[in-house]
Each structure stands twice: as C-alpha cells, then as structure tokens.
Amino acid sequence: MRKSIIMAAAVAAVAFTAPAYAAEMVFTSWGGTTQDAQKAAWAEKFTAETKTNVLQDGPTDYGKIKAMVESGNVSWDVVDVEGDYAVQAGNKGMLEKLDFSVIDKSKLDPRFVTDYSVGSFYYSFVIGFNADAVGAEGPKTWADLFDTTKFPGKRTFYKWSAPGVIEAALLADGVTPDKLYPLDLDRAFKKLDTIKKDIIWWSGGAQSQQLLASAEAPYGMFWNGRLTALKATGVNVGESWEQNITAADALVVPKSAKNRDLAMKFIALATSAKGQADMATATGYAPINTESGQLMDAALRKTLPDQQAASQVNADMSYWAQHRDEIGERWYAWQAK
C-alpha cells in the first residue's frame with residue numbers, strides 16, 4: 001500500500017513538472033480578448049516551434065517603455081503599441097531596428113511598415129449601438145453620433161489621445177476626408193464641446209463592450225473587433241462602417257531588449273500569412289499580410305476592415321507621430337475642464 005502511494009506521488013510529480021524550454025522571452029500587449037488571440041495565434045505556436053517560453057505581460061505602458069530604455073533594464077522583448085507611437089518612438093531612438101532578413105516584409109501592407117515596426121493588426125473605429133436599447137435604426141454617420149436631438153443620451157468614445165476621435169469630430173462637422181490633415185484642432189474641440197456632457201469615456205476595449213452591452217452608453221465609437229466579439233456573446237449590436245477610420249497597432253522591440261534575436265523570430269511568425277490569418281479569424285481585425293486572405297473563410301473575410309473601403313478614412317500615422325505630444329497636451333487639458 002505504501003509503495004503504491006509513493007508510486008502515485010511520483011507519477012503526479014512528473015505530470016506537474018514544468019516543460020523544458022530552450023529559452024524565454026516576454027510579449028506585452030493590451031490584455032483582454034485581443035491579447036488572448038495573440039497568445040493563441042502567435043505565442044503558443046512560437047513556443048511549439050522554438051521551445052521558447054513566451055511570458056505574457058501588460059497592459060502596454062509607454063511610460064514604462066521609456067523608463068526601461070533609459071535605465072538600460074529592459075524586461076519586455078516584443079510590445080504591441082499604437083501605430084503613431086511606433087513611428088514616434090522609432091524616431092526618438094527608443095526601439096531596435098527590425099531585422100528584415102528574418103522578418104519577411106515583402107508581403108506586408110507597406111502602410112504599416114517602418115524601419116522600427118510592422119503592423120500587428122489593422123482595425124477600424126466604427127459606430128456601434130445596442131439595438132435592443134435604441135432600436136434597429138441607430139446612428140449611421142459620425143454626424144448622427146454627434147446629434148443629441150436625434151439620438152439622445154450617453155455615447156462612448158476612446159479616452160486617450162490617439163487617432164480616431166478628433167477625426168470623427170471633424171468628419172461629423174462636415175470636413176471631407178481629403179481635407180482632414182493637418183487637423184483643425186480648434187474646430188474639432190468646438191464640435192466635441194457640443195456633446196462633452198454626454199460622453200462616457202472608455203479606456204480599454206473590454207470597458208467599451210461593457211458600456212454598450214449594459215446600454216449605459218447605448219451608442220458610440222468602437223474598435224470593430226470588439227463589436228465582433230460582443231455579437232458573438234449574443235448582444236444585439238448594430239454597427240455602421242460609414243467613414244470607418246482605420247489605424248493599426250504595431251509590433252516593436254524596445255531598445256536593448258534582452259532577447260532581440262528571439263524577438264525578431266517571434267515577429268516573423270506573428271506577421272506571417274498564417275499568423276495574421278489566425279489572428280484575424282479570432283478577432284475580426286484585418287491582417288496586414290497581403291497573403292492571409294486566401295487562408296481565411298471567404299464570408300468572414302468580407303466582414304473585415306480592409307474590405308470596407310468604400311468610404312474608409314485612413315488615419316495619418318506620420319502626422320500623429322509628429323504632433324502626438326502637442327495634441328495630447330491639449331486633449332488632456334480639454335478633458336479635465
């Protein structure tokens with residue numbers, strides 16, 4: 001009996017022994033359903049192929065990246081960041097140059113490729129509404145979303161200074177897409193003033209979903225993938241792609257990252273046709289690899305941002321990178337009033 005117990009304990013110990021890894025690295029992103037998808041589409045496959053343990057961290061924090069780089073103590077290897085930040089941080093010497101002998105950029109959408117970054121996924125800001133709360137006829141245009149007479153009540157917008165909300169305000173005020181840049185901040189903030197008291201700000205995708213599902217804010221501006229995920233849970237979501245505003249997250253490697261070579265290989269897998277197809281399938285965001293579409297379900301493919309080009313508006317990442325700090329200063333001052 002005692003021998004049986006000892007043998008059972010030994011078997012249990014073997015069963016719970018951590019797998020042997022050849023190496024270890026850290027991937028950092030925004031959390032929630034998006035990072036869950038990145039883990040499944042990229043990290044787990046990278047581990048299977050390379051025996052590298054990919055630790056997950058987050059959320060992405062630009063102040064933390066700056067502190068790490070300046071101290072020389074960098075614990076993150078690959079980070080998912082906003083596209084305009086990637087351009088700015090690369091220009092400021094805070095990122096490693098990517099190794100395009102490892103990362104094949106020939107099939108990547110050139111809009112989302114720089115010396116220091118490649119697209120992580122491509123998304124659109126779209127208009128969403130809770131059809132159970134407001135009916136089937138929700139706001140269809142940015143002008144509708146800013147119309148508190150036609151659509152009374154709370155609406156939700158992205159809290160942080162980034163491409164999206166300012167463009168939406170200008171489009172709502174009648175600016176045509178080809179005249180958006182340089183951004184007329186005076187005009188944008190004047191338009192935002194008209195609905196400021198009706199705005200509930202969302203700081204992350206999960207919060208935006210909660211606000212819509214609960215109808216605390218029955219309409220607003222959302223990342224398209226978050227609406228896709230919300231629909232999958234059974235919430236009656238209406239959406240409009242009219243003048244959807246596109247942007248992309250980017251994958252970067254902080255300067256002096258400890259596992260630079262592994263980081264390059266990880267990004268190569270993440271931006272491969274299969275890696276991008278798997279990510280797009282899981283999230284509803286579009287792939288940045290131009291060959292991913294042929295690996296995806298045709299019906300799903302039609303619902304992604306890159307297939308909604310009829311009235312699409314491309315946010316100018318280079319403009320934002322150049323003016324990110326000054327826009328941010330004014331943005332947060334306005335919010336605090």
Pairs over 29 Å Cα to Cα, from 92/154; 45/107; 159/190, come to 92/154
The equivalent-ellipsoid semi-axes of the chain, taken as the square roots of five times the Cα gyration tensor eigenvalues and listed largest first in whole Å, are 37, 25, 19
Expected field for residue 167, accessible surface area in Å² at 1.4 Å probe radius, rounded to 10, holds 0 Å²
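For region 186-233, what is the charge dipole size about the Cα centre, in debye to the nearest 20, if Lys and Arg each add +1 at the Cβ and Asp and Glu each add -1 at the Cβ? Numbers along the way, then the final one.
Details: 7 positive and 4 negative charges, 27 e Å.
Charge dipole, region 186-233, about its Cα centre: 120 debye, nearest 20.
Calculate, for the chain, the solvent-accessible area per residue in square angstrom, rolling a 1.4 angstrom probe over the heavy atoms of the protein chains. Before the final figure, lay out the partial values.
Values: 15230 Å² over 337 residues.
It amounts to 45 Å² per residue over the chain.
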The summed charge of the residue 127 Cβ neighbourhood (under 9 Å; Lys/Arg +1, Asp/Glu -1) stands at -2
The alpha-carbon pair-distance distribution computed for region 93-198, with 10 angstrom bins and whole-percent values, is 12, 34, 25, 19, 10, 1
Once 154, 265 are ranked on solvent-accessible area with the largest value leading and a 1.4 Å probe, the list reads 265, 154
Answer in debye to the nearest 20: the dipole magnitude of the chain about its Cα centre, from +1 Lys/Arg and -1 Asp/Glu charges placed on Cβ, is 720 debye
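Treat every Asp and Glu Cβ in region 125-245 as -1 and every Lys and Arg Cβ as +1, leave all other atoms uncharged, and give the resulting dipole magnitude about the Cα centre to the nearest 20 debye. Could the numbers behind the result be given before it?
Numbers: 13 positive and 14 negative charges, 52 e Å.
In debye, rounded to 20, region 125-245 gives about 240.
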For the chain, the longest principal axis of the Cα atoms and the Cα long axis of helix 2-15 enclose an angle in degrees, to the nearest 10, of 50 degrees
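Relative contact order (percent) for region 154-239, with alpha-carbon contacts under 8 angstrom and 6 or more residues of separation? All intermediate terms of the calculation are to be shown ahead of the outcome.
Working: 86 pairs, mean separation 32.7, N = 86.
Here the relative contact order equals 38 percent.
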Ignoring ligands and nucleic acids, residue 260 exposes an accessible area, probe 1.4 Å, in Å² to the nearest 10, of 80 Å²
Simple SL model, points at 7 angstrom along Cα→Cβ for residue 233 and residue 261; separation in nm is 4.3 nm
Distance in Å, no decimals, from the C-alpha centre of region 151-178 to the one of region 86-128 is 25 Å
With a 1.4 angstrom probe the carbon and sulfur portion of accessible area for the chain, in percent, totals 53 percent
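I want the local charge near residue 92. Using Cβ-Cβ distances under 14 Å, sum +1 for each Lys or Arg and -1 for each Asp or Glu among the other residues. Write out the running numbers ahead of the final one.
On the way: positive: 66, 97, 255, 324; negative: 70, 84, 96, 115, 325.
Within the 14 Å Cβ shell, the charges total -1.
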For residue 293, the net charge from surrounding residues (Cβ-Cβ under 15 Å; K, R +1; D, E -1) works out to -1
With -39,500 (n - 2.57) per DSSP H segment of 4 or more residues and division by the full residue count of the chain, the 222 nm estimate, nearest 500 deg cm²/dmol, is -11500 deg cm²/dmol
Ignoring ligands and nucleic acids, residue 319 exposes an accessible area, probe 1.4 Å, in Å² to the nearest 10, of 40 Å²
Expected max-MSF residue from 72, 205, 275 in the GNM of the chain (alpha carbon, under 10 Å) is 72
Rounded to the nearest 10 degrees, the helix 205-214 long axis (Cα) sits at an angle to the longest Cα principal axis of the chain of 60 degrees
The helix 317-336 Cα axis meets the longest alpha-carbon principal axis of the chain at an angle in degrees, between 0 and 90 and rounded to 10, of 70 degrees
Full extension between residue 198 and residue 332 adds, at 0.36 nm per residue less the Cα distance, a length in nm of 46.5 nm
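The values are calculated or read from the model by the stated rules, or taken from the named source; none is laboratory data. Note that the coordinates shown come from a computational prediction; the quantities given were computed from them, not determined experimentally. Please note: Cβ atoms are built from the backbone with ideal geometry, for glycine as well, and neighbour counts cover all protein chains shown. Accessible surface areas use protein heavy atoms only, side chains included; no ligands, DNA or RNA. Shrake-Rupley method; radii C 1.70, N 1.55, O 1.52, S 1.80 Å.
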